[in-house]
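Note sheet for the following structure.
The values are calculated or read from the model by the stated rules, or taken from the named source; none is laboratory data. Source: prediction; values computed, not measured. All Cβ positions, even for glycine, are placed from backbone atoms using ideal geometry, and neighbour counts span all protein chains on display. With ligands, DNA and RNA removed, areas are computed over all heavy atoms of the protein, side chains included. Shrake-Rupley method; radii C 1.70, N 1.55, O 1.52, S 1.80 Å.
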Amino acid sequence: MNVRLIWAKNFNPRVKKMLRDAQNCVDTQCVEKMTEFVPVGLPRYRNSGKLRDSVEIREAGKIIYTAPFARHDYYATVNHQNGGNPKAQRMWFEVMKAKYSTKIRQEVSRITKEHTR
């Protein structure tokens, strides 16, 4: 689902900054916490770098893994524990959300409270 927000010209710049900072927090927290579950050490990445090193945040709210087999490994039908990372999982974003969504929300809440002071 994509959502596009268009701000009115007189929208409070302070609120815009708060929302930008909150989205930055979500993006960086997701990338950091997903690393725990991303497979590494698979032979197919030998010449193209590690999958977990291929992550990019190209725009707010969009996290992309650029390694050649990233999509395949994400949607694979088996987990990847024997690829160099014992915690590796398929669909690592969903696994990360299940484990860390509360902590990420708490961090975003802290940031928004700082902006409202």
(message) Can you list residues from other chains, or at least 5 along the same chain, whose modelled amide H is less than 5 Å from the amide H of V55?
(response) T66
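My understanding is that a pair violates if its Cα-Cα distance is over 18 Å; which of K16/K113; K17/K99; K17/K113; K62/K97; K33/K62 do that in this structure?
In this structure, K17/K99 exceed 18 Å between Cα atoms.
Sum -39500 (n - 2.57) across every DSSP H segment of at least 4 residues in the chain, then divide by the residue count to get the 222 nm mean residue ellipticity, nearest 500.
On the way: 3 runs with 51 residues, N = 117.
Dividing the helical sum by the residues of the chain leaves -14500 deg cm²/dmol.
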(request) Counting residues in the chain as N, plug N into 2.2 N^0.38 Å and put the Cα Rg over that result. (result) 1.26
(request) Roll a 1.4 Å probe over the protein heavy atoms and report the accessible area of K103 in Å², nearest 10. (result) 120 Å²
(message) Give me a comma-separated list of calculated 3J(HN,Hα) values for segment 112-117, in order, Karplus coefficients 6.51, -1.76, 1.60 applied at θ = phi - 60°, integers in Hz, x for any Gly or Pro.
(response) 5, 5, 4, 6, 8, 6
(request) Could you do me a favour and compute the accessible area per residue for the chain, 1.4 Å probe, result in Å²? (result) 71 Å²
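So if R0 is 35 Å, what FRET efficiency would F93 and L5 give, r being the distance between their Cβ atoms, rounded to the nearest 0.05? Numbers along the way, then the final one.
Working: r = 22 Å, r/R0 = 0.64.
Given R0 = 35 Å and the Cβ-Cβ separation, E is 0.95.
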(message) Apply the Karplus curve 6.51 cos²θ - 1.76 cosθ + 1.60, θ = phi - 60°, to the phi angles in segment 70-79 and return the couplings in whole Hz, x for Gly and Pro.
(response) 4, 4, 4, 5, 5, 9, 4, 8, 10, 7
(request) State, to one decimal in nm, how far the label point of Y75 lies from the label point of V15, with both points 7 Å from Cα in the Cβ direction. (result) 3.9 nm
(request) Select from Y75, A88, V15 the residue farthest towards the positive end of the dipole of the chain; place +1 on Cβ of Lys and Arg, -1 on Cβ of Asp and Glu, and compute about the Cα centre. (result) V15
(request) List, in order, the whole-Hz ³J(HN,Hα) value for each residue of segment 86-100 obtained from phi through the Karplus relation with A = 6.51, B = -1.76, C = 1.60 and θ = phi - 60°; use x for Gly and Pro. (result) x, 9, 4, 9, 6, 6, 4, 5, 5, 5, 4, 4, 4, 8, 10
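Please report the relative contact order for the chain, taking Cα pairs under 8 Å with a sequence separation of at least 6, and give it as a percent rounded to a whole number. Walk me through the numbers before you get to the answer.
Details: 122 pairs, mean separation 36.2, N = 117.
Computed value for the chain: 31 percent relative contact order.
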